[in-house]
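For reference, the structure is listed below as structure tokens.
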Amino acid sequence: MAAVVDTENLGVDTMEETWSCIPNLLIWMIMERLQFINSLRLSAVCKHWLNAFHNFPKEATTSYCNFPWLMITKDHCGSEREFFSPWTKTNFTVDLPEFAKTFFLNSKNGWVLLLTCHCCKQVPRVFLLNPFTRVKLEMPREPPPFRVHLSAISMLEGTPNCVALVNTINYSQIAIAHPGVDGWKISTIPLAVRKRIVHMFFVDHYLYLIDSYGRALRFNTIDFTMTNGFMGAEAEDGDTYFLQCNKEIIRVTSTGLIPYGRFCMNGFTKAAWGFYKYSFTKAAWEALDEDEIRGKSWFLSNCGAKFSSAAEGTVVEKVHFLSKFKKKGSHCLFSCDLNSPGKDALSYFGNLSRKNTVWINMG
């Protein structure tokens, strides 16, 4: 800190440069004394601080720091959103005018992708918002006639670099744009594969569209070329959930689980789970070995934006499932130990009727 004191009489530019050159060790010492939300704000100071945030030693963090939170929307027309961490029992409310009259589409690294409400007689728009640093990135106006069915966010150095949308009208188009540009680049999805797409992910400059059978359609975001058909063999039957872990696309399957409507804790604890990763070279799914599963928790959902992720740092392997009960309109979060399924199934939520609850990727 002596270097900072010595520069107190220097110009503003020199001061800003000095603060951006603080050693990682000093930034980590500060982060050890901050809650996770304040650490996110710290990461937004400059690129150097963002790099220090992402390289914070894992042994110095709590086991829950990488876990997703839940975002609860009581009224999509209102400007308040509640954020809740089931792991630390922490909750707080963010009141931002940007939240008013919007629906949640996706999230990544603390950013949320929002869509303005069509029923509120306003121009449909998609935009990115970091609710903790309050930075907003504008996207081009939603291309008419277009209704968002699926979305994906690409990140570059901790900042959203690209957004992709799939049209829900016949699932016929895919739109891609960078924040701040004037328009979307539209590509047509082959007729033979429409209405089968259930998820999509960015991996480097490729966008992978996954169908309900677990096959992948690869789209090149540089030259806008697309494979003519889905690659890979069809996956076996069973409830299937797709997620992204770093640069891997993961498929989680369950048997004996009824996740929607008649979902119950007893059925959840008796479910059998399988974990696979997509081989980009073989265009096939390969089972994860024990080392790739060990020390991770898996976050699944049958509601909202279908957001899922895997987080390291846990003592045992767990599956956390956010379920929406169709008839009651309530959300419950169940957890189970993969090694002892019936050991510690928990319900973190009671009735959240008329409230939209989704996973949020915090960073």
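Bear in mind that the values in this text are calculations on the coordinates, not laboratory data. The structure presented is a predicted model; accordingly, all values stated were derived computationally and were not measured. Backbone-built Cβ (ideal geometry, glycine too); neighbour counts: all protein chains shown.
Values as computed for the structure displayed
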read-out	value
Where labels lie 7 Å past Cα in the beta-carbon direction, separation of THR227 and GLU157 in nm	3.2 nm
Full-stretch length increase - THR90, VAL181 - with 0.36 nm per residue and alpha-carbon distance subtracted	29.0 nm
Set LYS282/LYS324; LYS108/LYS282; LYS185/LYS318; LYS136/LYS282 screened for pairs whose C-alpha atoms are more than 30 Å apart	LYS282/LYS324; LYS185/LYS318; LYS136/LYS282
Theoretical gain in end-to-end length, ASP289 to SER172 [0.36 nm per residue, Cα-Cα removed]	38.4 nm
Simple label model, 7 Å out from Cα along Cβ direction - MET29 to ASP75, nm	4.8 nm
Inter-label distance, nm, simple model (7 Å from Cα along the C-beta direction), LYS47/ASP337	4.6 nm
Burial order of peptide ranges 105-114, 25-34 (average beta-carbon count within 10 Å, highest first)	105-114, 25-34
